[in-house]
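The values are calculated or read from the model by the stated rules, or taken from the named source; none is laboratory data. Just so we're clear, the structure is a prediction, and the values are computed from it rather than from any experiment. Every residue, glycine as well, gets a Cβ built from its backbone with ideal geometry; the counts of neighbours run over all protein chains shown. These accessible areas exclude ligands, DNA and RNA; they are computed on the full protein's heavy atoms, side chains included. Shrake-Rupley method; radii C 1.70, N 1.55, O 1.52, S 1.80 Å.
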Amino acid sequence: IQSVLFNRAEVWSTISPVMREKLSPIARHDQPVLLFPNWMHRSLEEAVQQFPRDPDHRPASPVRLLYSGNLGTKQDLQRLCESLRSSNVDFIFDIRAAGSTARALREWAAREQDDRFQLSGLSDEDDFAKALQQADLFVITEKSGSGGSFIPSKLVPAAAAGTPVLAISDRDSPLGAEVIENQIGIHHTWDDVHSVADTLAGLAANPTYSTWQKNSRKRASYYARDAVIDRYCRHIVEVAANGSPSADDHE
């Protein structure tokens with residue numbers, strides 16, 4: 001069904017290089033597959049700019065982790081929390097979430113009575129920007145096998161702030177590829193989730209941390225709102241005028 005519906009279109013677009021690779025084999029008419037990444041809406045972009053992060057930020061003890069966003073079955077965040085709960089690492093995990101599994105995670109945290117986990121609802125944009133400014137790592141989790149057809153929009157504000165990412169996902173997912181190839185943080189698979197605690201324990205002494213911050217700020221230009229929208233407009237005009245877009249060179 002997907003193949004039939006997709007092949008009715010003469011031009012395709014997607015939001016990550018990995019997803020473009022997966023789409024290309026099902027194109028029956030050599031349709032171009034354009035790449036348009038996600039971007040931040042203007043007010044969140046302005047909030048992040050209003051609270052700039054220290055470019056020389058260094059993690060200390062306790063390590064400050066931040067999760068903010070939707071929480072459903074495809075995130076599997078409680079699995080990470082359970083692994084960290086069994087460790088003796090000194091951290092503060094600020095979890096700001098809403099969604100179908102948020103209540104279950106709050107109930108788990110209430111049972112465990114572990115002060116390292118701080119759960120709340122979603123915050124406004126200014127408070128989120130301040131939290132990104134202060135966090136040592138921004139956490140993004142994806143349940144194994146679930147990440148092949150999307151890439152978390154959570155990546156965009158983290159990159160804009162220059163906050164390194166701690167990603168738990170399949171290596172070949174769009175999220176895994178983004179973090180690994182651009183060196184914007186730390187990646188673990190779920191098979192390796194038990195070693196996240198060791199990663200956090202050694203974070204303050206990790207010499208690569210400053211590189212992750214620098215790479216994150218550099219990668220933010222890839223998600224720049226005005227640039228991506230300009231490319232959308234240019235290709236739409238080209239398709240309307242010529243029936244096809246020009247070569248898409250935005251990688």
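Please specify each residue of the range 213-235 satisfying the condition of being within 21 Å of Pro157 (Cβ to Cβ), in contact with a Ser or Thr (Cβ under 9 Å, 6 or more places away or on another chain) and of a type outside the set (Ser, Thr, Tyr). Answer for the range 213-235, where residues must be within 21 Å of Pro157 (Cβ to Cβ), in contact with a Ser or Thr (Cβ under 9 Å, 6 or more places away or on another chain) and of a type outside the set (Ser, Thr, Tyr): Gln213, Ala227. If I go through the range 1-32 residue by residue, how many of them are aliphatic (A, V, I, L, M) and either open to solvent by 80 Å² or more (accessible area, probe 1.4 Å) or without any contact (Cβ under 8 Å) to a residue 60 or more places away in the chain (or both)? Total meeting the criteria: 7.
Working only within the range 13-38, note down all residues that are in a helix (DSSP H, G or I) and of a type in the set (Gly, Ala, Ser). Within the range 13-38, just Ser24 meets the criteria.
Within the range 173-211, the set of residues being in a loop (DSSP other than H, G, I, E, B), exposed (fewer than 15 other Cβ atoms within 10 Å of the Cβ) and not polar (S, T, N, Q) comprises Gly202, Ala204, Ala205, Pro207. The residues on offer are Ala47, Ala109, Ala104, and the sole one that is farther than 27 Å from Arg171 by Cβ and in contact (Cβ under 8 Å) with a residue 40 or more places away in the chain is Ala47.
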